[in-house]
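Scroll down for the structure; my scribbles are underneath it.
The values are calculated or read from the model by the stated rules, or taken from the named source; none is laboratory data. Bear in mind that the values here come from a model prediction, so they are computed numbers and not experimental data. With ideal geometry, Cβ positions are generated from the backbone for all residues, glycine too; neighbour counts draw on all protein chains shown.
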Amino acid sequence: MRWLNGNPLGLVDGIPFSAKDLLLTKGLPTRRGSKAINANQPWEEDAPAVARLREQGAILLGKTTTSEFGWKGVTDSPLTGITRNPWNTALTPGGSSGGAAVAAALGLGTLHLGTDGGGSSRTPAALTGVFGFKPTFGRVAGYPSAHTGTLFHIGVLVRTVTDAAITLNAIAFKGRQSS
């Protein structure tokens, strides 16, 4: 209705998205691919990138799989088992944002947030045939910060370069706004 009235909330109003299970999502557990994280917590906070998408009207479909704590280049974990490459299930989609890459490849939503330290978005993108990248540090707020400090970035995995640009514009840190 907002679009029909010429008042969309933002660039991504009404577009479905997913968030890697390392990113906080208000109302949904962030288990980090681990059985060691208790799901029975309040979960009252969104990571900044998730918050930006929601503020602009994007619709959170759910969480995507990750290796436990995002620590390896394949996407399997004690919590969710093995995430397989959608084009050949005998192969891996890479990791640790393999769940987001598989969701993008299969068209399960449009915008997918991952994380990237040493290739965790870029490798799964390459192995599944989608577009993924690691924005410049500080371009997208990475909170809560990872143990790797400035190596940790919020990654984007989508089917097209245009979708990547729209997603980055929606989640990018804009700096201080003057009143």
* Filter the range 72-107 down to residues that are part of a loop (DSSP other than H, G, I, E, B), within 24 Å of Lys35 (Cβ to Cβ) and of a type outside the set (S, T, N, Q), then give me how many there are. => 9
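What number of residues in the range 93-116 are among the hydroxyl-bearing types (Ser, Thr, Tyr) and surrounded by fewer than 24 Cβ atoms within 10 Å (Cβ to Cβ)? Walk me through it before giving the result.
Looking only at the range 93-116, we keep the residues that are among the hydroxyl-bearing types (Ser, Thr, Tyr), and these are 96-97, 110, 115.
Next cut, surrounded by fewer than 24 Cβ atoms within 10 Å (Cβ to Cβ) only: 110.
Summing the residues that are among the hydroxyl-bearing types (Ser, Thr, Tyr) and surrounded by fewer than 24 Cβ atoms within 10 Å (Cβ to Cβ) in the range 93-116 gives 1.
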* Structure fact -> Scanning the range 140-171 residue by residue, those at pLDDT below 95, among the aliphatic types (A, V, I, L, M) and out of contact with any Phe, Trp or Tyr (no Cβ under 7 Å at 6 or more places or on another chain) turn out to be Leu151, Ile154
* Has the range 73-87 got any residue that is of a type outside the set (A, V, I, L, M, F, W, C), within 21 Å of Pro135 (Cβ to Cβ) and surrounded by fewer than 22 Cβ atoms within 10 Å (Cβ to Cβ)? -> yes
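If I ask for residues that are charged (D, E, K, R) and not in a loop (DSSP other than H, G, I, E, B), which ones from the range 1-43 would you list? Reasoning before the result, please.
Taking the range 1-43 and keeping what is charged (D, E, K, R), we get 2, 13, 20-21, 26, 31-32, 35.
The answer is Lys20, and nothing else.
So that you can scan it fast, the table gives a plain yes or no per residue for (1) within 20 Å of Asp76 (Cα to Cα); (2) in contact with an Asp or Glu (Cβ under 7 Å, 6 or more places away or on another chain); (3) of a type in the set (Ser, Thr, Tyr):
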{"site": "Gly94", "(1), (2), (3)": "yes, no, no"}
{"site": "Leu106", "(1), (2), (3)": "yes, no, no"}
{"site": "Gly114", "(1), (2), (3)": "yes, no, no"}
{"site": "Ser120", "(1), (2), (3)": "yes, no, yes"}
{"site": "Leu127", "(1), (2), (3)": "yes, no, no"}
{"site": "Ser145", "(1), (2), (3)": "no, no, yes"}
* Conditions: (1) under 11 Å from the mean Cα position of the chain (by Cα); (2) surrounded by fewer than 20 Cβ atoms within 10 Å (Cβ to Cβ). Ile59 meets all but one. Number of the miss? -> (1)
* Structure fact -> Log entry, pairs with first residue in the range 52-64 being farther than 16 Å from Leu28 by Cα, second being assigned to a helix (DSSP H, G or I) and not aromatic (Phe, Trp, Tyr), beta carbons closer than 6 Å, six or more apart or on different chains, reads Arg52/Ala170; Arg52/Ile171; Gln56/Ala170
